């Protein structure tokens, strides 16, 4: 007998929509439109969410909700990201990595907000502005090491990034550190080898295997 996926009651999480809509109100689009688009994102998130993945629903839902709201702005013009938001986004990414490393779980919006000393609304926007760590479409048979960094955050990329973090959590600490040194800190293979105490050849071989593993897991 096939088991049904646990359902999320979207109505119980409407506060997330208000949180996201309030963060972007006053920018030329009526609040009602922002809220309506956010509700669409909430329903999408609720339908796609998998409880068994071990990620908090708010962590998964906020980027989806913000993505739907930002679609309104993209339809009417370019979405501009301020320097403050870029800096906050960078800090948010560092906080997320630390929380994952220390707890082995995905951070919630409130956890990130507390760590940064900002409101949940600011934390939510910073998380949504985060750029994906890897561009999945760039990992081809012709050259698995050609990772496209950075790329502009958008709906699909945000969801890919979240899926990537979940797969990264499955890796041993040394393998995860290797990828972070190469693609987060932009170190060369030689520099990465020095940091890890292994040879450049070992870094090259492990990197290829890890990228192939990530690709296979994300395409499942």
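The values are calculated or read from the model by the stated rules, or taken from the named source; none is laboratory data. Since we're looking at a predicted model, the values are computed, not measured. Here Cβ is always computed from backbone atoms with ideal geometry, including for glycine, and neighbour counts include all displayed protein chains.
Somewhere in the range 25-32, is a residue at negative phi, at pLDDT 75 or above and in a helix (DSSP H, G or I)?
Looking for residues that are at negative phi, at pLDDT 75 or above and in a helix (DSSP H, G or I), one finds at least one in the range 25-32, hence yes.
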Identity of the residue in the range 20-51, under 25 Å from residue 96 (Cα atoms) and touching a residue at least 40 places away in the same chain (Cβ under 8 Å), that ends up farthest from the chain's Cα centre (by Cα):
22
Specify which of the listed residues (75, 148) is in a loop (DSSP other than H, G, I, E, B), surrounded by fewer than 18 Cβ atoms within 10 Å (Cβ to Cβ), at negative phi and at pLDDT below 75.
148
